[in-house]
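Enquirer: I am attaching a structure below and will ask some questions about it afterwards.
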Amino acid sequence: MKNEKSKAVKVSDVLSENMKLIDEKFKDCPDLIKKQAFLKDNTEVYFIYIDGTINTDVVERDLIRPILNMNYEAVSDKKKLNSIPATGIKFYTDMDSIISDILTGCTAFLADGIEYGFTSAIRNFEKRSITEPEIEKDVRGSHEGFIELMNVNMAILRRKVKNTNLKFKPIVVGDTTNQIVNIVYIEGIADPALVQKLYDKISGIKFDGILAAGYIEQLIVDFPNSLFPQYQLTERPDRATGALLEGRLLILTEGTPGVLILPVTLFSFFKAPDDYNTHWIFGSLIGTLRILSALVAIYFPSIYIALTTFHYYMVPLNLLIPLAESRARVPFSPVVEAFVMEIVIEMLREAAIRLPTYIGASIGVVGGIIIGQAAVQAGIVSELLIIVVAVTAIASFITPVYDMGLTLRTIRFVMMLSTAVFGILGMSCITVLILANLVILESLDQPYFQPIIPFRIKDLKDTIIRVPLKFMKRRPTITHPLDKKRGKGND
């Protein structure tokens, strides 16, 4: 760091030298605006900013006009400059800091004969409106979502947690993009050791640009080769706020609406904000349904392959006869027809996501019906397989977190392939490997399969079954919260 500081170019008292450096740094940058002006005593000054990143009306009113009414003696006095209406004024003696602020949307001021400059943070980036996330629908909860601007996302969290203990710890990442990443936590609840550990992980990232939160996840994750997501990505402020209140940490990334939550457990991916906005019995019922649906999404096609290929004697006779009749017209083995239909369903699913909404809905519904009916009439697949594939697809849609849905879909294909070779034994082996992976997996060095392994009986109240809120008086132990009680007076 000392070498870098020694190479920093100082602001010269000769304005032309400073502007020459600006021109060199911003060569072929037509969006850079260099507004030349003169003070009352004809001292030459420049206002420098990037077009489209500032509010020009406010800059003209609160920055440019007040300064042009000054003379050289006034602009040489930092106290008088601080008295102008412009906000976020920072003084610098090196050009690198000034250029860095210009790139973040600030307006810079340089004057002839003064060996320092200053920047003012009057930003106005184009942004989309706050809308509900498309992939995280909620019935009874909030309908707002994060957007791509860091300051807006910080304001959303600040509005939900009106407490000075809500902290944002900034880090600059991306050797080329120089993006801001903020670690968010509630002081007095979050474990400082976890905050420092996460800070060290992100600070160690050596990459040219972070285009989305998923980049950070892949670069700092503890087990990069595991299929299971170890950090939870969300665009919902209510889910993020709930995580903060449990002592978890957030990662806000400039330029992406996705916010990472960590540490998490496997059961975190089967929870939705709606589960806590309704009666605990309904929340528990839906939670149980999601776990059962995940098992159906993984095992149902493999069970079909195992029974029709190796273990047909396990099928009841009254079901075996119609099954044999339907399969008599199919020229392919159960493995081939199952893989064909599953691949077709995945293609339809991806087509529905990538196409415009009004077309995607038609592709998903009409395409599935037409292809399924045509495949049965052509004798390519059996009627029972169509039911199996349809139920599996519906079950995989119930998972509320997209990343976990991808995991279930991938495991399903691995399970089908293993079952096609070894039957029930292959299915059992893959199940054992999955459980072994869950046992050793960690999220920010915390057990991923908790509260099952290691067993934490007190944390079972918010896994599959959700107990009433009045009994959820303690925060989960996975986060090692400093304040273990939720609310004053709770025992």
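Enquirer: Can you name every residue in the range 144-163 that is assigned to a loop (DSSP other than H, G, I, E, B) and touching a residue at least 12 places away in the same chain (Cβ under 8 Å)?
Expert: Initial filter on the range 144-163 (assigned to a loop (DSSP other than H, G, I, E, B)): 144-149, 161-163.
The answer is E144, G145, F146, I147, E148, L149, V161, N163.
Enquirer: Considering each of A351, A243, A297 in turn, give the residue that is of a type in the set (A, V, I, L, M), open to solvent by less than 40 Å² (accessible area, probe 1.4 Å) and in contact with a Leu (Cβ under 6 Å, 6 or more places away or on another chain). Steps first, please.
Expert: Numbers: A351 fails: in contact with a Leu (Cβ under 6 Å, 6 or more places away or on another chain); A243 fails: in contact with a Leu (Cβ under 6 Å, 6 or more places away or on another chain).
None of the others qualify; the one that does is A297.
Enquirer: Report the residue count in the range 274-314 for those that are of a type in the set (A, V, I, L, M, F, W, C) and either within 19 Å of E337 (Cα to Cα) or touching an Asp or Glu at 6+ places or on another chain (Cβ under 9 Å) (or both).
Expert: Just the residues of the range 274-314 that are of a type in the set (A, V, I, L, M, F, W, C), to begin with: 280-282, 285-286, 289, 291-292, 294-298, 300, 303, 305-307, 310, 314.
If we keep only those that are either within 19 Å of E337 (Cα to Cα) or touching an Asp or Glu at 6+ places or on another chain (Cβ under 9 Å) (or both) as well, we get 282, 286, 296-298, 300, 303, 305-307, 310.
Final tally of qualifying residues: 11.
Enquirer: Still on this model: When you go through K201, K206 one by one, which is the residue that is out of contact with any Lys or Arg (no Cβ under 9 Å at 6 or more places or on another chain), open to solvent by less than 70 Å² (accessible area, probe 1.4 Å) and basic (K, R)? Lay out the reasoning, then the answer.
Expert: Details: K206 fails: open to solvent by less than 70 Å² (accessible area, probe 1.4 Å).
K201 is the lone residue from the list that is out of contact with any Lys or Arg (no Cβ under 9 Å at 6 or more places or on another chain), open to solvent by less than 70 Å² (accessible area, probe 1.4 Å) and basic (K, R).
Enquirer: Picking from A37, A8, which residue would you name as being surrounded by fewer than 16 Cβ atoms within 10 Å (Cβ to Cβ), within 19 Å of D101 (Cα to Cα) and not charged (D, E, K, R)?
Expert: None of the other options fit; the residue is A8.
Enquirer: Exactly one condition in (1) in contact (Cβ under 8 Å) with a residue 60 or more places away in the chain; (2) open to solvent by less than 50 Å² (accessible area, probe 1.4 Å) is false for I135; which is it?
Expert: The number of the failed condition is (2).
Enquirer: To continue, here is another question. Would you check which residues across the range 370-412 are polar (S, T, N, Q) and open to solvent by 20 Å² or more (accessible area, probe 1.4 Å) and list them?
Expert: Filtering the range 370-412 for residues polar (S, T, N, Q) gives 373, 377, 382, 392, 396, 399, 407, 410.
If the condition is that a residue be polar (S, T, N, Q) and open to solvent by 20 Å² or more (accessible area, probe 1.4 Å), then Q373, Q377, T410 are the ones that fit.
Enquirer: Residues that are in contact with a Phe, Trp or Tyr (Cβ under 6 Å, 6 or more places away or on another chain), crowded, with 19+ Cβ neighbours inside 10 Å and of a type in the set (A, V, I, L, M, F, W, C): find the helices (runs of 4 or more DSSP H) completely inside the range 58-105 holding 1 or more of those. Working first, answer last.
Expert: Working: elements: 65-68, 72-75, 78-81, 95-103.
Those helices (runs of 4 or more DSSP H) span 95-103.
Enquirer: Checking the conditions here, which among I411, I464, I430, I434 is in contact (Cβ under 8 Å) with a residue 60 or more places away in the chain, farther than 21 Å from D191 by Cα and assigned to a helix (DSSP H, G or I)? Break it down stepwise before answering.
Expert: On the way: I464 fails: assigned to a helix (DSSP H, G or I); I430 fails: in contact (Cβ under 8 Å) with a residue 60 or more places away in the chain; I434 fails: in contact (Cβ under 8 Å) with a residue 60 or more places away in the chain.
Selected residue: I411, the only one of I411, I464, I430, I434 that is in contact (Cβ under 8 Å) with a residue 60 or more places away in the chain, farther than 21 Å from D191 by Cα and assigned to a helix (DSSP H, G or I).
The values are calculated or read from the model by the stated rules, or taken from the named source; none is laboratory data. Predicted model, so just to flag it, every value in this text is computed and none were measured. Every residue, glycine among them, receives a Cβ derived from its backbone with ideal geometry; neighbour counts consider all protein chains shown. Surface areas here come from the heavy atoms of the whole protein model, side chains and all, with no ligands, DNA or RNA. Shrake-Rupley method; radii C 1.70, N 1.55, O 1.52, S 1.80 Å.
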